[in-house]
Amino acid sequence: MINWLKLDINILNDSKIKIIRKYPDGDALFVLWIGLLCLAMKSNRPGIIEIADSIPYEKSELANEFNLELKTVEMGLVLFQRLQMIEIYESGAIGVLNFMKHQELDKILENKKKNREKVQKFREKQKLLCNGYVTVTTPECNRTDIDRESDSDKDREKDKKIHECADALFESLPQETKTDLKECPKKKIGKEDIEQVYNAYPSRCPVSDPPRATGKSLSDKEKIKKKIKNGYSPEELIETINEYVRQCVLSRTYIKNFATFLNNIPDVKALREGPPGNFESGSDEIVRLALEKLEREGVDVSKYRSD
């Protein structure tokens with residue numbers, strides 16, 4: 001997530017901002033606009049203002065978020081729509097028009113791509129640098145203790161030069177590239193591992209009636225790959241998914257969209273301290289019918305039951 005927002009230094013001279021500030025509570029309307037831009041940047045889908053995937057803000061929630069009066073928020077949303085600054089979708093989510101363009105998010109993504117390429121080139125330079133030092137040995141029978149000691153000193157000197165050169169190359173990189181390099185462990189990730197994690201998460205919520213889709217998409221596989229690169233094992237992810245869904249069933253809570261789950265993976269130990277008991281002993285018929293439906297569709301629901 002990006003923790004900053006791009007604003008033009010001439011924003012107060014913008015014709016639309018001038019119109020907004022001439023209204024009653026104009027300064028409060030301006031605060032509302034800046035707040036909406038901040039929420040749009042914090043969103044999982046930049047430019048779309050929502051609490052979570054497919055969960056829009058209510059007007060009263062926006063008023064509480066920015067410490068504004070409800071009537072100010074209501075008037076502001078109508079005004080921003082008329083000025084073609086926002087769009088309100090059927091779901092209730094608010095979209096900031098031309099957000100990606102004004103925030104230049106495409107350039108940011110391009111810069112990240114370039115940084116990854118720099119990291120790759122840096123590694124190649126390290127490999128070439130290390131391969132440039134060749135140790136020449138002589139037959140052991142002709143070597144004296146002095147020769148061995150001398151060779152040991154030379155080896156230590158060569159190792160020192162290698163580290164000094166590598167450190168110099170590393171320090172010459174931009175700070176963002178150095179951070180990416182430090183946080184990028186070398187791991188081989190198989191497609192089967194990604195598929196196993198992807199398939200472990202239900203395509204439909206077993207609690208809702210009827211079971212609603214959990215929004216799984218191909219982009220989630222890239223997120224899974226990134227999580228594994230950052231230290232999660234496929235087994236850990238699958239175990240966490242199974243425990244999370246089981247606890248949602250026990251507490252009769254709708255499971256999150258898959259993308260939202262991957263953005264904030266819960267701790268499996270904390271999950272196990274969740275609501276006790278077995279869903280079969282409850283009185284909620286919806287849970288039982290939903291799981292039976294999933295079972296008829298070929299989904300293994302045994303992993304969502306308590307022992």
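Could you check the stretch 219-235 and list, in sequence order, the residues that are closer than 18 Å to Asn44 by Cβ and exposed (fewer than 14 other Cβ atoms within 10 Å of the Cβ)?
Selection gives Ser219, Glu222, Lys226, Asn230.
In the set Val73, Val96, which member is touching a His at 6+ places or on another chain (Cβ under 9 Å) and within 30 Å of Asn257 (Cβ to Cβ)?
Val96
What are the pairs, 6+ residues apart or on separate chains, where a residue within the stretch 69-97 that is without any contact (Cβ under 8 Å) to a residue 24 or more places away in the chain and farther than 15 Å from Ile48 by Cα has its Cβ under 8 Å from a residue that is surrounded by 15 or more Cβ atoms within 10 Å (Cβ to Cβ) and small (Gly, Ala, Ser)?
So the pair list comes out as Leu70/Ala63.
Is there any pair linking a residue in the stretch 244-265 that is in the same structural domain as Arg204 (by TED's automatic domain parsing) and in contact (Cβ under 8 Å) with a residue 24 or more places away in the chain to one that is of a type in the set (Gly, Ala, Ser) and part of a helix (DSSP H, G or I), with Cβ under 9 Å and at least six apart or on different chains, and which?
Pairs that qualify, where the first residue is in the same structural domain as Arg204 (by TED's automatic domain parsing) and in contact (Cβ under 8 Å) with a residue 24 or more places away in the chain and the partner is of a type in the set (Gly, Ala, Ser) and part of a helix (DSSP H, G or I), are Val245/Ala200; Val249/Ala290; Ala259/Ser219.
Residues of the stretch 197-218 being at pLDDT 90 or above and surrounded by fewer than 16 Cβ atoms within 10 Å (Cβ to Cβ), which ones?
Selection gives Asn199 alone.
Collect the residues in the stretch 236-253 that are surrounded by fewer than 17 Cβ atoms within 10 Å (Cβ to Cβ), modelled with pLDDT under 85 and on the phi < 0 side of the Ramachandran plot, keeping them in residue-number order.
Selection gives Ser251, Thr253.
Quick check, is Asp284 touching a helix residue (DSSP H, G or I) at 6+ places or on another chain (Cβ under 8 Å), modelled with pLDDT under 90 and over 30 Å from Pro46 (Cβ atoms)? Spell out how you get there, then give the answer.
Details: touching a helix residue (DSSP H, G or I) at 6+ places or on another chain (Cβ under 8 Å): no; modelled with pLDDT under 90: yes; over 30 Å from Pro46 (Cβ atoms): yes.
The answer is no for Asp284.
Which residue pairs have Cβ atoms under 8 Å apart, sit 6 or more places apart or on different chains, and have a first residue in the stretch 48-68 that is assigned by TED's automatic domain parsing to the domain that holds Leu29 and a second that is in a loop (DSSP other than H, G, I, E, B) and of a type in the set (D, E, K, R)?
Cβ pairs passing all conditions: Ala52/Lys256; Asp53/Arg45; Asp53/Lys256; Pro56/Glu50; Tyr57/Glu50; Ala63/Glu69.
Take the stretch 222-261 and flag every residue that is under 18 Å from the mean Cα position of the chain (by Cα), among the charged types (D, E, K, R) and in a loop (DSSP other than H, G, I, E, B).
Residue satisfying the conditions is Lys256 alone.
The values are calculated or read from the model by the stated rules, or taken from the named source; none is laboratory data. This one's a predicted model, so the numbers in the text were calculated from it and none came from an experiment. Here the Cβ is made from the backbone with ideal geometry for all residues, glycine too, and neighbour counts use every protein chain on show.
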